[in-house]
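Colleague: Sharing a structure, written as structure tokens. Questions coming.
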There are 2 protein chains.
Amino acid sequence: MTVTSSECVENGNSMKVRAAIMLKTGVLDPQGEAIRHALGTLGFEGVEGVRQGKIIELDLAETDAKKAEAEVQRMCEALLANTVIESYEVELP
Amino acid sequence: MTVTSSECVENGNSMKVRAAIMLKTGVLDPQGEAIRHALGTLGFEGVEGVRQGKIIELDLAETDAKKAEAEVQRMCEALLANTVIESYEVELP
């Protein structure tokens, strides 16, 4: 089975789940601003805003979607996201 | 209109488009490995692999989905992704 790295895939043995972590609205994002400026310099017009975030792609032994989602939420709360300034979103296959 | 930062949203004036950038399969990801190790230390079991990537969320003046997708692909090729070691994926609303 061929699987691109960008897909969330569930098969018999494991499940790929993604956590998308973004800075909350209102939190300053200098990296995003730098990208916006660089895009302007390169001639890309009409870019009104850029925010940069993280993707954590997890390969889990758990194959039950509900349980996997709950586990990744716990991981986000405990380690992956700084919930003071970041929001997260769990993307299931 | 209330819009969470995590959604790709299209309205009359602008369009939020996301580029998800991941290291290609086979490229060493020490940051992902560190996360996997930390999750194990925290007692999360069954994490077989972790890969870390980037999300770039763009707020574009362009409202035509096809044109926006093509433009973001050009941005990825020119600036956002290092296509030698990274693959990207454009997520439209």
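Colleague: For the stretch A:10-20: of the residues being over 19 Å from B:Val90 (Cβ atoms) and hydrophobic (A, V, I, L, M, F, W, C), which is modelled with the lowest pLDDT?
Modeller: Top of the filtered list is A:Met15.
Colleague: To continue, here is another question. State yes or no: is B:Glu57 farther than 17 Å from A:Cys76 by Cβ, crowded, with 16+ Cβ neighbours inside 10 Å and either modelled with pLDDT of 95 or more or within 7 Å of chain A (Cβ to nearest Cβ) (or both)?
Modeller: Details: farther than 17 Å from A:Cys76 by Cβ: yes; crowded, with 16+ Cβ neighbours inside 10 Å: yes; either modelled with pLDDT of 95 or more or within 7 Å of chain A (Cβ to nearest Cβ) (or both): yes.
In short, yes.
The values are calculated or read from the model by the stated rules, or taken from the named source; none is laboratory data. Fair warning: this is a prediction, and the values are worked out from it, not measured in the lab. We place every Cβ from the backbone using ideal geometry, glycine too, and count neighbours over all the protein chains shown.
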